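A quick write-up on the structure given underneath.
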Ligand SMILES: [Zn+2]
């Protein structure tokens with residue numbers, strides 16, 4: 001059962017052209033660093049001049065177009081415009097685009113102004129072949145004729161979908177941006193790619209959560225359901241660490257004198273902590289998505305169904321049912337981003353399904369139970385179904401996705417649960433725990449060795465210490481229920 005209702009799907013493998021963008025951090029040498037900053041300030045200056053000019057034209061009853069703005073900027077002398085001609089053009093086009101967007105939004109009833117704010121900083125655009133080019137095994141960014149280029153090692157661009165390296169030929173217009181929070185330079189490199197969509201008949205259901213980021217369930221055959229549970233412990237550790245550091249810094253900031261050097265430094269430190277945590281969390285979400293996509297692709301699923309928990313992470317302030325800490329955990333849950341990444345990698349468009357009671361309903365008989373601890377045990381004496389709690393939600397969502405309701409899976413179904421860790425390294429907690437064990441072991445050994453060297457026979461303590469196994473590393477566990 002389970003597979004007897006194949007979904008009508010187009011059989012041919014669909015390959016779609018899409019444009020993605022990669023963000024690659026780069027380190028600039030002292031001299032280039034300074035020049036890049038100056039160029040970004042100059043770019044902002046040009047933007048400001050163009051904005052002023054456009055507003056003056058409007059006041060005079062004229063309506064300058066895209067090429068009028070471009071002409072204004074490109075006809076400036078080289079000293080007024082220390083950028084490549086194409087970088088200058090990009091500023092004009094961006095401004096024109098921003099004006100157009102504001103007009104459309106106003107037409108749609110939104111309250112928006114045409115660009116007016118003075119900018120202090122603008123990213124630099126480098127067009128393909130002119131603004132940027134590869135020579136002497138370096139990526140050269142041009143700041144205009146007769147000015148030295150900014151030369152960087154050729155960055156490695158990895159496609160977020162396939163995980164493969166993108167060839168230089170596929171890159172488009174590169175932007176050099178300064179991340180004010182992380183205080184680092186990065187290249188934004190757009191590229192063309194094709195994505196293959198999985199078009200099999202199988203359905204994969206996804207149950208999302210905080211403790212386990214995702215649990216995925218798919219019928220492997222008529223008698224077996226494969227469940228993959230991806231642990232979210234790494235993300236919790238990152239968030240906990242960040243909240244703690246930010247809280248401590250915030251406390252110091254509140255006590256520092258506003259505007260003082262000390263205050264500025266603390267604010268910069270706080271931004272840095274946040275930026276670092278953001279990077280780690282984005283990486284974590286990518287890892288979760290990669291593992292989830294592996295499950296989907298391995299089962300050749302053509303349909304992806306998420307239990308609908310959208311909105312839980314929002315409006316947590318009004319939600320009084322949860323405690324303060326629980327609300328904080330919920331509001332910092334990056335569920336939407338993980339879904340987007342999974343959709344991106346698999347090429348499927350995830351659906352959402354009401355998941356009410358999915359974690360309580362017994363998959364075998366339909367009885368309602370309240371799970372206690374990590375195990376799910378059905379209280380119905382005729383049923384006695386037992387399974388890992390993490391799998392139950394996903395199995396129920398799977399049945400609902402196929403049949404419309406929580407149809408029991410039948411008594412002789414095997415549930416294969418695979419536990420994966422999103423990031424294959426030890427979390428902070430684990431490392432700490434391991435360190436403690438090691439310390440204890442080392443102490444036990446040394447004292448036993450001391451005694452042994454002083455003529456005593458090795459104690460049972462030493463033998464135990466040598467035979468005790470270290471906690472399991474980042475390997476996967478397979479459990480069959
Ligand atoms: Zn039951």
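Rule-based calculations on the coordinates, nothing more; no lab input. All values derive from a computational prediction rather than experimental measurement. Here the Cβ positions follow ideal geometry from the backbone for every residue, glycine too, while neighbour counts run over all protein chains shown.
Of note:
- Enclosing the Cα atoms of the stretch 199-421 in their convex hull gives a volume equal to 128 cubic angstrom per residue.
- Residue 262-residue 77 pseudo-label distance in nm [points 7 Å out on the Cα-to-Cβ vector]: 4.9 nm
- Note on residue 41 and residue 379: with the Förster distance fixed at 56 Å, the Cβ-Cβ geometry gives a FRET efficiency of about 0.25.
- Pairwise FRET efficiency - residue 134 versus residue 243, Cβ, R0 = 51 Å, nearest 0.05: 0.75
- Set of the stretch 341-361 residues, backbone N closer than 20 Å to the point 7 Å along the Cα-Cβ line of residue 310: 341-358
- Taking 0.36 nm per residue of sequence separation and removing the Cα-Cα distance, the residue 120/residue 325 pair yields an extension gain of 69.9 nm.
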